[in-house]
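Structure first, then comments.
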Amino acid sequence: MAKSLSREAILLAVLAAALLGGCASRTPAPVIERAGVPAKGPTPAAAPIKAGDYHTVKKGDTLYSIALEHGQFYRDVAAWNNIDNPNVIKVGQLLRIAPPEGVAVVKPIVAPASVETRSLVTGGLANTDTLKREPKGGKQPYTEQAMAALQKPDEPRLQPPAALVKVEPGPAEPVVGNASDWAWPSGGKVITAYVEGGSKGVDIEGKIGDPVLAAEAGKVTYAGSGIRGYGNLLIIQHANSLSSVYAHNSRLIAKEGQQVSKGQKIAELGDSDADQAKLHFEIRRQGKPLDPIKLLPPR
């Protein structure tokens, strides 16, 4: 019995050793790190960043001031950067200040060229200020032959259509406008002139409560006090990528998004964020300041 048990024990030990040896000789299954495995095919290249399309936020910047400097509507800049609160941006943040590809920016509409319809006399072309039949040539010396020729009836000619539509091409779009397009926003005298690289506009003297008028027709794209140094501020967008800026007001009358006409009262002069009562007035083209005196009519 003891011998039998010892044989069984030996057989079990041998079997267990064989099984363990077989398991140890097997190659372990490979472990794949899924997170680090690149996708099949080439990795798509990141879209190149154009320097002029972005602005890095600096200390003191606001979304409103960035939009003004680059000639954009602050709500557009917020949308291009998925910003819900325009008052919250961070120093060092890279902001898109040009529309992404495929996104159109709506600009003020310029009136199309006029189409003029002129009626003509049947049987011959009539003399008008813009269309002359006679004289056919230069002056001729008096002779009997010349006089006889002038007294002959006109030779038959082809009948013109009863009406002729004449399209007058519109004038080329002005680069910055001209003095006839603009009006003075306030009646006071200029106390600070425009200086390139210095003062971005002119300061116009006045009393608190004096009317501030729209210098040209357009749409109010900003009404508030979010730009340091400008106080209560209005910005109006005009045609030809021009905008006008009205700062230091005591009260804003026009509202954001409102269409205003030239000469319309939009605010009241004040001294907000200024050392005295005055209107600071700027004209900008795509964000770049221009000398307002060159566009305003002489007075």
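Applying 1/(1 + (r/R0)^6) with R0 = 22 Å to the Cβ-Cβ distance of Asp273 and Lys58, what FRET efficiency is obtained, to the nearest 0.05? The partial results should precede the final answer.
Values: r = 20 Å, r/R0 = 0.89.
With a Förster radius of 22 Å, E is 0.65.
If amide H atoms are built 1.01 Å from N in the plane of the peptide, which residues on other chains or at least 5 residues away come under 5 Å of the amide H of Ile204?
Ile191, Leu279, His280, Phe281
Let me spell out the model: positive unit charges on the Cβ of Lys and Arg, negative unit charges on the Cβ of Asp and Glu, origin at the Cα centre of the stretch 51-96. What dipole size does that give, in debye rounded to 20?
140
Would you report the distance distribution of C-alpha pairs in the stretch 179-294 as whole percents per 5 angstrom bin, up to the bin with the largest distance?
The calculated distribution, bin by bin, is 2, 13, 25, 28, 22, 8, 1.
Go through 286-298, 85-97 and give me the packing order, highest mean Cβ count within 10 Å leading.
Details: 286-298: 15.2, 85-97: 13.2.
Those peptides, ordered most packed to least, come out 286-298, 85-97.
Give me the number: length gained by fully extending Arg75 to Ile191, i.e. 0.36 nm times residue separation minus the C-alpha to C-alpha distance, one decimal in nm.
38.4 nm
Within 10 Å of each candidate Cβ there may be at most 15 other Cβ atoms; applying that plus a DSSP loop requirement, which trypsin sites (Lys or Arg not before Pro) in the stretch 184-246 survive? Walk me through the numbers on the way to the answer.
On the way: sites: Lys189, Lys200, Lys207, Lys219, Arg228; in loops: Lys189, Lys200, Lys207, Arg228.
Sites meeting the loop and neighbour criteria: Lys189, Lys207, Arg228.
For the stretch 51-96, I need the span (max minus min coordinate) of the C-alpha atoms along each principal axis, in Å, sorted largest to smallest.
In descending order, the Cα extents are 23, 21, 16 Å.
Values in this text are rule-based calculations from the coordinates and carry no lab data. Everything numeric here is computed off the predicted structure, so don't read it as measured data. With ideal geometry, Cβ positions are generated from the backbone for all residues, glycine too; neighbour counts draw on all protein chains shown.
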